[in-house]
Amino acid sequence: MSSGKVGILVGGGPAPGINAVIGSATIKALNEGFEVVGIQDGFKWLVRRDSSHMRSLSIDDVSRIHLRGGSVLGTSRENPTKSEESTAAVVETLKQQGVTHLVTVGGDDTAKSSATVAARSDIHTVHVPKTIDNDLPLPGHIPTFGFQTARHVGVELVQNLAVDARATRRWYIVVAMGRQAGHLALGIGKAAGAALTLIREEFPEATVPFARICDIIEGSIIKSRALGRQYGVAVLAEGLIEKLDPNELKDLQDVELDEHGHIRFAEVDLGRKVKVELEGRFRQRGIRLSISNKNVGYELRCCDPIPFDMAYCRELGNAAIRFLIAGGSGAMVSIQNGGLVPMLFSDIRDPHTGKTRVRNVDVESETYRAARQYMLRLDYADFEMSSWLEKLAQAGNLSVEDLRNRFRE
């Protein structure tokens, strides 16, 4: 039997399946002879040298938590790598409490924090990748935990909005989470049959004019109207916000940054800005268009996991402890082809930025091609038939020449 004390903490935003990881890791560690302590609120109290928010965990405490969303240990975005003092406080507090092994559950920032603890101490660390954004550098066919549940619930929400759109003859602009990658927005839009989905990966340039984003959506609305549909849903990935010109971004709202220096996208109301712009464009041409905007994010992060994530996360929690028992440290665990595959932090970091590499949507992939082919978007073929071009112009209350100049790229 092994000996030692395992600490478990959660960092970053919630994701369905966190409790399944906590539960399975706790049970496996206890069965292997470890003590287990749950560390409340991520690194928040550790950087303050406060150990009062650590508590022992038993099998009875965690045996059924895998069925529920949220995090029984809470979470925070506290960044222990922001200073040497913060890192030292974390290491010293853990060691004072006898923690020999640390399981961190989180995204790329939490992975960096876990790697730092391993590098600055003899505490063995293992990271379990979590993000509904699906953007950690796992092999393409392996999702990050929580993504499948978030997509599932997101699709249900967008389907409901699509029914409402049809009944009320309006458009919905839905903004889905996805800071650096559009997997969630694309997954939701594709499965729900949204009129179009816009993700940052389709724009290779450094910045994208806000007007261009609106042009694409406006073109979709015009095409839908020409087909006799006065309604629809457009899904936007929130990562588009970082593609905007900084001067335009200032106009959206006061921009806040989190502990890791990232824009708090939830505070930037992209959907409303698009709604106001598009309604104004159509109003100027004598068309009254009803548009509603909706952010889909917080509703997806703490919902109960679907069976896929329940089972997947129990595997990940078990794998994390098996990795530590084998003497491993400083790696992220993954399940590939049915087996445990550790991924060293050094292998998943970008050598230029020092940050965890991002897995973006491959716009050349079959997954994206299929999604794009079912979107209602203006393309070159729409400008080749004069009769159809006239119908499009009429639907947008534009001249054919204006339509060509504005929308033919």
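Annotations
- Cross-link pairs 190/294; 44/273; 44/130; 223/243; 82/273 - those with Cα-Cα distance over 24 Å: 44/273; 223/243; 82/273
- If a spin label sat at a point 7 angstrom from the Cα of residue 168 along the line to its beta carbon, the backbone N atoms of the stretch 295-339 nearer than 14 Å would be those of 295.
- Shown is the FRET efficiency for residue 397 and residue 277, computed with R0 = 22 Å from the Cβ-Cβ distance and rounded to the nearest 0.05: 0.85.
- Gain on full stretching of the segment that runs from residue 97 to residue 64 - 0.36 nm per residue minus C-alpha separation: 9.2 nm
- Integer Hz, Karplus 6.51/-1.76/1.60 couplings in order for the stretch 42-47, x for Gly and Pro: x, 8, 3, 7, 4, 5
- Gyration tensor verdict on the stretch 148-301 (Cα atoms; rounded if a/c is under 1.5, prolate if a/b is larger than b/c, oblate otherwise): oblate
- Average Cα contact separation per residue, the chain, under 8 Å, 6 or more apart, as relative contact order %: 21 percent
- Derived scalar couplings between HN and Hα for the stretch 49-55 equal 6, 10, 9, 6, 9, 10, 9 Hz in order, rounded to whole Hz, by the Karplus curve 6.51 cos²θ - 1.76 cosθ + 1.60 (θ = phi - 60°), x for Gly and Pro.
- Summarising the label geometry, the points placed 7 Å from Cα in the beta-carbon direction at residue 122 and residue 372 lie 5.5 nm from one another.
- Helix-only arithmetic for the chain: the sum of -39500 (n - 2.57) across DSSP H runs with n ≥ 4, divided by the residue total, places the mean residue ellipticity at 222 nm at -12500 deg cm²/dmol.
- Sparse-neighbour loop sites [GluC sites (Glu not before Pro); the stretch 321-400; at most 10 other C-beta within 10 Å; DSSP]: 364, 384
- Calculated FRET value between residue 388 and residue 160, using beta carbons and R₀ = 30 Å, to 0.05: 0.40
- Karplus (6.51, -1.76, 1.60) ³J(HN,Hα), θ = phi - 60°, over the stretch 226-237, in Hz, Gly and Pro reported as x: 5, 8, x, 10, 9, 8, x, 10, 10, 10, 10, 7
- Peptides 178-186, 28-36, 196-204, ordered by how many other C-beta atoms sit within 10 Å of their residues on average, highest first, read 178-186, 196-204, 28-36.
- Using equal-weight Cα scatterers in the Debye expression, the normalised intensity of the stretch 1-156 in log10 at q = 0.13, 0.15 Å⁻¹ is -0.57, -0.75.
- Placed amide H near residue 7: partners under 5 Å, 5+ positions off or other chain: 37, 100, 101, 102, 103
- Considering only 350, 41, 309, the Gaussian network model of the chain with Cα springs below 10 Å gives its largest mean-square fluctuation to 350.
- Globularity index of the chain is 1.10 (Cα radius of gyration / 2.2 N^0.38 Å, N = number of residues).
- Report note on the peptides 107-116, 63-72: ranked by the mean count of other C-beta atoms within 10 Å, highest first, their order is 107-116, 63-72.
- Distant-in-sequence amide H partners of residue 332 (H built 1.01 Å from N, under 5 Å): 127, 343, 344, 345
- Long-range amide H partners of residue 178 with built H, under 5 Å: 238, 239
Values quoted throughout were computed directly from the atomic coordinates according to the rules given, and no laboratory measurement underlies them. Remember, it's a predicted structure, so these values are computed and weren't measured experimentally. So basically every Cβ, Gly included, is an ideal-geometry build from the backbone, and we count neighbours across all protein chains shown.
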